[in-house]
Structure formats: C-alpha cells, structure tokens
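The values are calculated or read from the model by the stated rules, or taken from the named source; none is laboratory data. Just so it is clear, the model here is predicted, and its values are computed rather than measured. We place every Cβ from the backbone using ideal geometry, glycine too, and count neighbours over all the protein chains shown. Ligands, DNA and RNA are excluded from the accessible area calculation, which covers all protein heavy atoms including side chains. Shrake-Rupley method; radii C 1.70, N 1.55, O 1.52, S 1.80 Å.
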Amino acid sequence: MIAEFEKMGRMSWFSHLDLQNTMQRAMRRAGLPVRYSQGFNPHVNLAFATALSVGLQSRCEILDVELAGEISPEEFLTRINAVLPEGLKCSRAALVEDAAPALMALMTEAEYAVEAPGADLSAAVEGFLALEEVMAEKKSKSKTRMVNIRPMVHALDCAFDGEKSVLTMILEQTNANCLKPELLLQTLAPGVFCRIVRTGFYARKQDGARVGLFEAGMDKA
Amino acid sequence: MLYDRIEPLLAGVSKPARYTGGEVNMVKKELDGIDVRFAFCFPDTYEVGMSHLGMKILYHILNKRENFYCERVFAPWADMEAAMRQNGVPLFSLETFSPVADFDIVGFTLQYEMSYTNVLNMLDLAGIPMTGSERDAANAPFVVCGGPCAFNPEPLADFVDLFMVGDGEEQILELCEHYDAWKKRGGTREEFLLEMANIEGNYVPRFYESAYDENGEFAGVRRLRDDVPARIRKRCIPDLDSADYPDRIIVPFTEIVHDRVMLEVARGCTRGCRFCQAGMLYRPQRERSLDKLLELARKLLGSTGYEEMSLSSLSTGDYSHLPELARKLVQEHGCNKVAISLPSLRIDSVLGETLEQTQQIRKTGLTFAPEAGTQRLRDVINKGVTEQQLRESVHDAFEKGWSAVKLYTMIGLPTETDEDLDGIRGLAQAVLDEYFSVPKEVRQKGLRVSVSASSFVPKPFTPFQWEPQNTIEELERKQKLLREKLHLRSVTFSWHEPHLSFLEAAFARGDRRLCGVLLAAWKRGCRFDGWTEEFKFDAWMAAFADCGLTCEQFAHKRYDLDAPLPWDHIDAGVTKEFLQREWKKALAAQTSPDCRIKCHGCGMKQFIKGVCKSCE
Ligand code: SF4
C-alpha cells in the first residue's frame, strides 16, 4: 500500500528515523494488518519515497507499507488517520506492488512553497534567474564541494506583498542529484528565516511532461 | 502565539523535537474552561523527563479533571537557552506554548539533587521571581516541589512556596482544588499557604526557620508560628489498585531514555538495603493486583502502539505474582511483537521461569546489583545476596542464551577496605567462570561483563545518614585500584565522577544555608550539573566560598547519632530509633532479613495501619 501524507506544523521537527517509529506505532494502534521484518528486533516493513530534512514541512510525503492481510485504501485511510497526531495526515492511498524503489527511480523533481516573513526576496530571485552559473557549497556525508546549482532550479518565482515573500520552486530531485531548498535559500538570502513546505513530487512522462509522482506510482501498478 | 517566536530558533538548535510537543496522547484543552493551570516542570532535558513515571501519573490525574490543565515544561539545553535569551523568548509549555509565568502553579519534581540549579534557571527563564516574598509582591505563580528530594527540602527552602512530601496522587489534586477555591473566594497568598500547611504532607518553608549554634553547626528547624504542624507527615497511598494510573501515556516522536510502556507493579521495597533511600522513603511495600496490571497493560499497549514494555518497581523480582504476570503478558502480547523486559532484576529474584518467558521475545542485558564485593560488606549494607546466588543466577541465564551481564557496585561504603575491592574482582571472575562452565554449544557467543562502580552518597532517612562520605582523593584511589584489578578479558569497568558525588552528598544532607550556595552557583553559570560535559566543579567550589562555607563540611560531616538533623521535621514513617538500630547492626555486620520474613519495627506499622501484611 502506498499513501501520501502531510507532515505539517510542529510535526516538522522530528527526524526521518523518528518518523519511521511514529508511523510504525500508529499502524500498531490502528491495528492495521502490516508485515513485520524477521529476526531479533522485528519492525514493520515500511519505506518512504525520500527523507525530509528536519524543519521542513510537507504536504506530499509518500510511504509504502507491506501488508499481511487485505484492507481497502479507504479503510486504511480511515483507520490510520484516526490515530495520527495533528499535523500528520494521510490524504490518499493506493494498493500497488513493491512501490518504494520504483517510486524513487521515477522521481525527477520536488516542488516547494516558501514563506519568508519580513523579507523581500524578489530582487535576489530575479538576480539569480539572470545568471547561468551559481556556485554553492554542497555538503554530503563525507565531503563538501562547490557545485553549480543554477541548472538544478527548474522553476522559481517570488512575490512580495509588503509583509512577506512567497516563493515557489521546483528543484531537481533524482536518486543521483538533488538540490535542497535550504541550500538555494541560503544562497539567495543568507540568514533569513523561511518556512518551507514541500508541496509536490514529480516524475516525467515519456513525452517529457510533468506528472505527480503518486499518480505515476499508481500507473505502474 | 509564542510558537511563532520559537519556530525561528529551532533550526539552529540540536534535537528541536524536544521543544515542539504535539505528541500522540498529549492532552489538548480549551483554555477558556480552565480554572487551574498547572505547569509540570522537569528540571532536566525532555528525554530524561519524559522517561519519568511519576510525571506520567500526575499528568494523567490532573488532566482527568475537566477544569484543571496540566502542561509539561522541560529545561532547554544550553543552545536553546542561549537562543531563547537572545530573542527574549520565555520558558514555555509544550502543550499550548504558553509562557510559564502565565500558569497558576509551577510544580517541579525533584528526582536528584544535581538538578537544583536547573530549577533556579527555569524560574529565571520563565521570568518568575526566585523567592516567595518577591513572588507574593508580583502575584507570580506559586512554586511547589515534590519527588524524593522533597524529603530533605532545606537546600531549596528559600525558593519554594510549598513542598509536597510522599505519594503525590491525592496531594496534587488537593492542591489544585484548594487553589481553585482560594482564587474564587479571594484572600492573601499567605492565607492560602497557611491552609495548605495544615494538610498532611505539605511543608511551607516560610513558616519555619533554621537555627545554628555558636560553632556554626546546624541546631534544628523551628516553627515560626504555632498554627502549622511541628512535623510534616509524608503522604502514603495505602492501596495502589485504587490509585489512578494512566491508561494512555504520551508517545514521544523522538527517542527518550526509557522509550516504552512502564507498568508500575509495586511501590516500596521490603529488602532494607541500608544505603538505599528509596527503599526507606517508599515504605511500606504495596503491590498492584495481577488483574489490574493485565488490564493496564492491554490499555496502554493499545493506546500507544509501543513495541516494548517494562515492569517497574524498586524490586520487580519481588512482585508476588511475577511469574504469572510475565507468562500472561507474553501470551497475550507476544504475538503482537511486544518485548517485555524486566530491568531491575535482583540476584535472588525468582529468575528461572521468568527468564524463559522473556527470552521468547527479546534478550535484553541482565543486570545484577551485588553492590559490594565481600560477604562481610554486603552484610554491613544488608544486601542479602551471596556469591553463590549470583553464580547460580548467571549460570542459569548463560544456559538460556544470555551473554551480557552488568554488575552494579558501590565504592566508599562505610567500613570498606581494599579487601572489599578485591571482592569485586572476585565477583567479576565468578561470572566469567560460570560462563565458561556452560558448554560451548549451549552458551551464546560474545560474553560481555560490565562492572560499574558508583560512589556511596549518604542519604537522609537511611541507617547511613550519619556517615561521612569518602574524600574525593580516597574515591579516586579506590577507582584506580579497581580499574587495575578489573583488567580481565571480556570485562569493562566504568565509574562515576567523584566530584559530582561529593556535591550530591552536600546537597542530600545539607541545610538551609545551601540555598545561598545554590544561588551563587547558578549565578556563576552552573546548570545541568548531572551532565558531565556541563558540570563546573570549580564554579561550585567558588560558590561555597562566596557564602563562607565549604562542600566538605556537609559531605564529609559525621553527624552524632542524637544530633538534630536538617530533615528531622519531616516524618517519613521510619523512626529514628529504627535507623539507629540498623546503623549499629551495620557496624556489627549483622543483617536484617527481608521484612516479609520478619518485621524489624521500622515504624511503618504504626504510621499507616494495615498495609504491612506480613508483619501483622
Ligand atoms: S513495619 Fe515491619 S514489615 Fe512494615 S515496612 Fe517496617 S519493617 Fe517492614
């Protein structure tokens, strides 16, 4: 079963590992027919399309859980939502086979909505878009290197209403390469406090058109 | 809303989920209908505080009342504290992100002495004045304290309006009820506190004063008015089954120290170890019934989804129905992948059957607490276990597949000699021998024996309350000696920081003069003293000097058997005569067997009728 869920507000501050435990316990409370891993320390067989950084909110996370019995997507949603805390909520679910690795492979981009209270970022955004190369320090587990992040920004716009800037951005997100919104924002406006919400995952159709990842996953089933 | 000002700080601090609440089973209420707002403050981090059983119980009890709202508050870690101070964000509650100063009552639970600077720091972060008179003037929340350290309240007396001594279940409700009535009726704060002072278990330090003789020795705590009790009797719930116990508990998102369902099977202990304060404070021993526990386990596992459960009490192995309880829990919940662990096993507990039950699910490490190395010293401290029993228990465990054993010991005990330290090596060696005596095909690979040595701290209401602590130099010498002796294959050795135990000893047995030291230490930047990386020993020593006192004069003091003690005005139920008798027996290395076998007349039988079943 795959399910799309949101992780909003206060829920944005616990880690990916914590999310794993939280979802597992929710499924146990809901009495869902889930399958456990074998061995010494059994865990619900549960995977996520990708991790979400601590501090980011999201409306479009995707989980994949292995079932040990039959349950309809509707029933799954009703039961899990009854036991999830405020801020975590599954919006839709679908029965598919072995979804998570397949979903990961399909993913091409992620979309974000950003709010920067008290800061006008429109000039910075305009300036950024005018450039062909923007180098930034990208950290991975083992090393830090300078990369050109400009090509990884597939869409970016900004509106300032006198109180806050509202940005939307579509950033590269594949297995091999991904641009975190925090890094882009740090480059655009260092030190400015931003609320970041992930709003969508995309895949590409054969003709190159964007399609929602969840839909793409359902199509594969 | 305060959250909007907290949110920007979170990205810059470690473990932000400590500060955001919103967990499963957190209680939500509309503030409109609330008569009494209670801030339950734990003077340590979220992970430590959330593991504490007493908080879960009292949170549940208060929130069951529709018009009371109990919220949780923890001490922010240094990075968060700095961010809060810099941005003018006051200490806040996790349920509604309210400033702590907005509450009616601010309650701290005192689990260990080394959290006292955090109490002061939290008051300061909350913008609540530190002394009662300043709070009266500012009409700030009342500050109350409970927990085991409330049995010697003097070192915090200047900062607290009310101490609640003993089992808190009934007391905390009475406090809120009286507060509610007082607030509606109107009256002075002093009137309210006077009313509280006359309820059993309550100590209002402003109505008492501390006296000292011409040599600067403590000379007793005296009443300042005769309409308050001369002695404060601790509260005691006679029947645990009738006491409220939560059927749902908060499930943190982020890992905490004890991340599981805790089932309190009993309170109190009948063993009478002479160094153990909890064993004396929580007398008499009371058990929950098997049926009640099974029902609670069912509800708690269902409402939390936890995959682990532990049975908790001072001596879980002594619970009368332990084998049956363990068997039924495994039968009922094993198929749902629930691991049931028995953490505080004692050497002579009924291990056999229970071991077999638990291993179906998960083999957690086995812990044993022989405490001392030789039979002589174990007799002195009344730890009624023998090396033979230890051998049999670990042998049994190794046969059943365990391979990790922890041995808890203590150094600096009264009458200890280096021979006793040799004995600790002897015990570790005995465990190794037993392991290798189990055939290779049967035993599990990867033997690990960890020996830990804490430093003895004399505590009030124990037979050793009159005893001095070893000096730091002596403790360090003993640690070094043990470290050398325990150079054995598969054995690791760990020990406690003796400087910390030194301070703990001063605050455990100190009098009201330590309030000044505490304040000075806080001003010098001390907090989170129980955390090695934050502990500032030099600042503490300077704080003592600021007040013209020394830590030695408290930690290393030998009190006369009949001298007034700073906690004499607290009645914990066990009598001084009993403690004196036990002290004399200790020096003669005479044991006092488990009081289920023979009553030693500790005073509890008179204190609360009909609870000590075995001695009636
Ligand atoms: S009165 Fe006797 S049986 Fe009761 S706690 Fe004291 S020693 Fe034990």
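Considering only the range B:594-616, state which residues are open to solvent by 60 Å² or more (accessible area, probe 1.4 Å) and either within 14 Å of another protein chain (Cβ to nearest Cβ) or more than 9 Å from the ligand (Cβ to nearest atom) (or both). Talk me through it step by step, then tell me what you get.
So in the range B:594-616, the residues open to solvent by 60 Å² or more (accessible area, probe 1.4 Å) come out as B:596-598, B:605-606, B:609, B:613-614, B:616.
If the condition is that a residue be open to solvent by 60 Å² or more (accessible area, probe 1.4 Å) and either within 14 Å of another protein chain (Cβ to nearest Cβ) or more than 9 Å from the ligand (Cβ to nearest atom) (or both), then B:Ile597, B:Lys609 are the ones that fit.
Any idea which of (1) part of a loop (DSSP other than H, G, I, E, B); (2) open to solvent by 20 Å² or more (accessible area, probe 1.4 Å); (3) more than 9 Å from the ligand (Cβ to nearest atom) is the one B:Glu577 doesn't satisfy?
(1)
Please pick out the residue among B:Gly334, B:Gly317, B:Gly305 that is on the phi > 0 side of the Ramachandran plot and small (Gly, Ala, Ser).
Details: B:Gly334 fails: on the phi > 0 side of the Ramachandran plot; B:Gly317 fails: on the phi > 0 side of the Ramachandran plot.
Sole residue among the options that is on the phi > 0 side of the Ramachandran plot and small (Gly, Ala, Ser): B:Gly305.
Give me the residue from the range B:226-236 that is under 21 Å from B:Leu156 (Cβ atoms) and more than 24 Å from the chain's Cα centre (by Cα) and, out of that set, farthest from the other protein chains (Cβ to nearest Cβ).
B:Ala230
Within the range B:64-76, how many residues turn out to be surrounded by fewer than 20 Cβ atoms within 10 Å (Cβ to Cβ), assigned to a loop (DSSP other than H, G, I, E, B) and touching a residue at least 60 places away in the same chain (Cβ under 8 Å)? Show your work before the answer.
Of all residues in the range B:64-76, those surrounded by fewer than 20 Cβ atoms within 10 Å (Cβ to Cβ) come to B:64-67.
Cutting the leftovers down to assigned to a loop (DSSP other than H, G, I, E, B) gives us B:65-67.
Add one more test, that the residue is touching a residue at least 60 places away in the same chain (Cβ under 8 Å), and what stays is B:65, B:67.
So the count comes out to 2.
Kindly state which helices (runs of 4 or more DSSP H) lie completely within the range B:435-542 and contain at least 3 residues that are closer than 30 Å to B:Met80 by Cβ.
Numbers: elements: B:472-485, B:498-509, B:514-523.
By residue number, B:498-509, B:514-523.
Which one is surrounded by the most Cβ atoms within 10 Å (Cβ to Cβ), of the residues in the range B:17-44 that are among the aliphatic types (A, V, I, L, M) and more than 23 Å from B:Thr254 (Cα to Cα)?
Looking only at the range B:17-44, we keep the residues that are among the aliphatic types (A, V, I, L, M), and these are B:17, B:24, B:26-27, B:31, B:34, B:36, B:39.
Now restrict to residues that are more than 23 Å from B:Thr254 (Cα to Cα): B:31, B:34, B:36.
Details: B:Leu31: 11, B:Ile34: 15, B:Val36: 20.
Across the range B:17-44, the extreme among qualifying residues is B:Val36.
If the requirement is being without any contact (Cβ under 8 Å) to a residue 12 or more places away in the chain and within 14 Å of another protein chain (Cβ to nearest Cβ), which of these qualifies: A:Leu17, A:Leu52, A:Leu46? Step through it out loud before you land on a result.
Details: A:Leu52 fails: without any contact (Cβ under 8 Å) to a residue 12 or more places away in the chain; A:Leu46 fails: without any contact (Cβ under 8 Å) to a residue 12 or more places away in the chain.
Only one candidate passes the filter, namely A:Leu17.
What is the one condition in (1) surrounded by 15 or more Cβ atoms within 10 Å (Cβ to Cβ); (2) modelled with pLDDT of 90 or more that A:Pro190 does not satisfy?
(1) is the only condition that A:Pro190 fails.
Look at A:Phe193 and say whether it is of a type outside the set (A, V, I, L, M), over 17 Å from the mean Cα position of the chain (by Cα) and under 18 Å from A:Ser58 (Cα atoms).
Numbers: of a type outside the set (A, V, I, L, M): yes; over 17 Å from the mean Cα position of the chain (by Cα): yes; under 18 Å from A:Ser58 (Cα atoms): yes.
Spelling it out, A:Phe193 is indeed of a type outside the set (A, V, I, L, M), over 17 Å from the mean Cα position of the chain (by Cα) and under 18 Å from A:Ser58 (Cα atoms).
Being assigned to a loop (DSSP other than H, G, I, E, B), within 16 Å of the ligand (Cβ to nearest atom) and more than 30 Å from B:Leu377 (Cα to Cα): is that true of B:Gly548 here?
Details: assigned to a loop (DSSP other than H, G, I, E, B): yes; within 16 Å of the ligand (Cβ to nearest atom): no; more than 30 Å from B:Leu377 (Cα to Cα): yes.
When the stated conditions are applied, B:Gly548 does not pass them.
Name the residue, out of A:Leu179, A:Leu167, A:Leu184, A:Leu131, that is aliphatic (A, V, I, L, M) and open to solvent by 20 Å² or more (accessible area, probe 1.4 Å).
Numbers: A:Leu179 fails: open to solvent by 20 Å² or more (accessible area, probe 1.4 Å); A:Leu167 fails: open to solvent by 20 Å² or more (accessible area, probe 1.4 Å); A:Leu184 fails: open to solvent by 20 Å² or more (accessible area, probe 1.4 Å).
Sole residue among the options that is aliphatic (A, V, I, L, M) and open to solvent by 20 Å² or more (accessible area, probe 1.4 Å): A:Leu131.
Restricting to the range B:260-312, name every residue that is farther than 23 Å from B:Leu413 by Cα and aromatic (Phe, Trp, Tyr).
B:Tyr306
Residues being within 20 Å of A:Leu167 (Cα to Cα) and touching a strand residue (DSSP E or B) at 6+ places or on another chain (Cβ under 7 Å): count how many of those fall in the range A:131-155.
Number satisfying all stated conditions: 7.
Identify, from the list A:Cys90, A:Cys60, the residue that is in contact with a Gly (Cβ under 7 Å, 6 or more places away or on another chain) and more than 14 Å from chain B (Cβ to nearest Cβ). Walk me through it before giving the result.
Values: A:Cys90 fails: in contact with a Gly (Cβ under 7 Å, 6 or more places away or on another chain).
It is A:Cys60.
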